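The numbers here are math on the coordinates, done by the rules we state, and not lab data. Fair warning: this is a prediction, and the values are worked out from it, not measured in the lab. All Cβ positions, even for glycine, are placed from backbone atoms using ideal geometry, and neighbour counts span all protein chains on display.
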Amino acid sequence: MEINNNKRWIAVYGIIATVLVALYYLLDLRFFDSWEEYIPFMKKLSISLFLIALIFLISKIMTKVINAQTHLEGDRYNLLRITRFLAIVFSLIVVASFLFQNLYAAAVSFGLISLVLGFALQAPIASFIAWIYLVFRRSYLVGDRIQIKGFRGDVVEISYLDTSILECSGDYLENDRTSGRVVRFPNSLILREEIINYSGPQTPFIWNETPIQIAYTSDLQFVEECLLIASSKDFKERYSQYATSDNDLWAPSVYFRINSFAWMEAVISYPVEPKDTTDRRNRILRYALPLLNEAPDKVKFPEGTRR
């Protein structure tokens, strides 16, 4: 639908530009001599509208190229935003040149207006500068899971002034599933706060861990083997493209610790995609618990006040 709509706008802007440039030359015909007083204004108006139509035609062509050639969602989103922004800026320049005959007067007027707006719109200007920073620094992209100032969620939109994220966890959930709430914060916040990007470009995974309470009398080596088998099995099924025999970078590990209730905890540490944390924990437990329960003589779980 979006591709067809883009093609339609390319055709519309192309027709408009053609008509306007034809009108510019038609005004030189003797047929319009009776309108001699208005012809300079009409020619200037037609050429200005032609330039605006041409600018938006080029922007639509660039949009089509970006959609066809750019495969990463975040990069495509940023390039489209830049294309639209430049089209608006160049169109405003054309409008300013049409309104002001004297370029010096236009520059002075623009400077005075900018000075007044600079004082009145400090916050929006800071957010816009932060958007430019985001485009070039790529602190986060659309689709990334981020955390900033207590907010955590998946980036769904980066506009010129604010960022929208689809919240995960939040006030009502104890896991990493999306809560359904959309959180918007000004882009200027990134200039004052640290940003945690769970979907960094360097690695596809973050590390997570899941504890299981066991008794001191359990066979620790057997427990460790069961947890490693469960984690490795799920990794090969879920992330088969990374499960190579010579790659130990994503190998899970198990360690033991004492919890506050005097039980021992067997903790499995494993890599996981940021948006798969809850499901991967559930899958590991579904694989591991049957293995542990099959050997009650080796593994004992908390039961009442017994240890």
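Structure summary
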| quantity | calculated |
| --- | --- |
| Proportion of all alpha-carbon pairs of segment 136-197 beyond 14 Å (%) | 52 percent |
| Summed residue charge, Cβ within 9 Å of Arg145's Cβ, Lys/Arg positive, Asp/Glu negative | -1 |
| Rg(Cα)/(2.2 N^0.38 Å) for segment 206-293, N = residue count | 1.08 |
| Net +/- balance of residues flanking Val272 in space, Cβ distance below 11 Å, scoring K and R +1, D and E -1 | -1 |
